[in-house]
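Engineer: Structure in structure tokens, see below.
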Amino acid sequence: MSDLTNVLTSEHPILPQLTQRRSPRAYTSQPVAAEALQQLFTAAGSAASCFGEQPWRFIVGSKATSPEAFEKILATLGDFNQVWVKDAPVLAISIAKTTFSHDNNPNAWARHDVGQAVATLAIQAVELGLQIHQMAGFSPEAARTAFSIPAGYDVVAVFTIGYPSAAATVPDALRERELAPRTRKPLAEFMFEGGWPQLQNERYDQAPV
């Protein structure tokens with residue numbers, strides 16, 4: 001059973017799937033069925049993208065059905081992440097096509113659009129009782145080599161997919177992070193209606209004295 005103590009408390013009402021979305025490190029051993037994976041990536045494919053390019057690509061490794069791919073993705077991760085990621089049932093790599101298909105010009109918004117796709121997938125995951133954890137702690141070069149990802153495609157991130165478990169199942173060093181409450185900056189720190197805030201002699205992202 002997962003810990004629900006770190007559900008987000010928001011300033012204003014939002015969808016429950018958003019407050020329940022988190023990035024767990026503890027997962028059960030329950031496999032993720034093929035139908036559920038197809039639902040997740042169908043949700044990802046529904047995201048908006050510049051010119052409708054849909055520049056996202058995903059390599060998926062499931063312990064149950066594609067264990068070799070799972071191990072190859074796992075091997076691209078840093079030591080810290082490998083400690084807990086090995087227990088997740090599914091790993092995936094997000095990839096961005098860097099040019100537009102209609103004219104071959106550079107697509108400066110490709111990574112943004114891949115982020116939108118993964119965010120959409122993450123919300124669909126909550127609806128199915130799943131969670132994902134996105135990671136930057138991996139080697140894009142190792143991923144490119146392991147899967148022969150061609151030029152013209154950027155390796156963006158790695159993420160887990162699985163059913164969250166209790167924090168007690170992770171090593172002691174990670175348990176505090178697993179149980180920490182989810183907090184977010186107040187709207188006043190990032191929503192600037194009417195224009196950029198003008199503050200003298202301090203950066204806006206510093207806490208006021």
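Engineer: Name the residue farthest towards the positive end of the dipole of the chain from the options 19, 116, 137, assuming +1 on Cβ of Lys and Arg, -1 on Cβ of Asp and Glu, about the Cα centre.
Structural biologist: Going by the charge dipole, the pick is 137.
Engineer: Then there is this: In terms of the Cα gyration tensor, with a ≥ b ≥ c the square roots of its eigenvalues, is the range 91-135 rounded because a/c is under 1.5, prolate because a/b exceeds b/c, or oblate?
Structural biologist: Taking the square roots of the gyration eigenvalues as a ≥ b ≥ c, the range 91-135 is prolate.
Engineer: Tell me whether the range 60-121 comes out rounded, prolate or oblate; compute the Cα gyration tensor, take square roots of the eigenvalues as a ≥ b ≥ c, and use a/c under 1.5 as the rounded threshold.
Structural biologist: Because a/c hits 1.5 or more and a/b exceeds b/c, the range 60-121 counts as prolate.
Engineer: Give a residue-ordered list of calculated ³J(HN,Hα) values for the range 33-39 (Karplus: 6.51 cos²θ - 1.76 cosθ + 1.60, θ = phi - 60°; whole Hz; x for Gly, Pro).
Structural biologist: 5, 4, 4, 5, 4, 5, 5
Engineer: As a test of the formula, what do you get for the chain when each DSSP H run with n ≥ 4 contributes -39,500 (n - 2.57) and the sum is divided by the residue count, at 222 nm and rounded to the nearest 500 deg cm²/dmol?
Structural biologist: Working: 7 runs with 67 residues, N = 209.
Result for the chain, helices only: -9500 deg cm²/dmol.
Engineer: Once you place label points 7 Å from the Cα toward the Cβ at residue 190 and residue 29, how far apart are they in nm?
Structural biologist: A separation of 3.8 nm, rounded to one decimal place.
Engineer: For residue 63, list the lysines whose Cα falls under 23 Å from its own Cα; do not include residues on the same chain fewer than 8 positions away.
Structural biologist: 72, 86
Where a number appears in this text, it was derived from the coordinates with a stated rule and is not lab data. Source: prediction; values computed, not measured. When we count neighbours, we look across all protein chains shown, and the Cβ atoms used for this are built from the backbone with ideal geometry, even at glycine.
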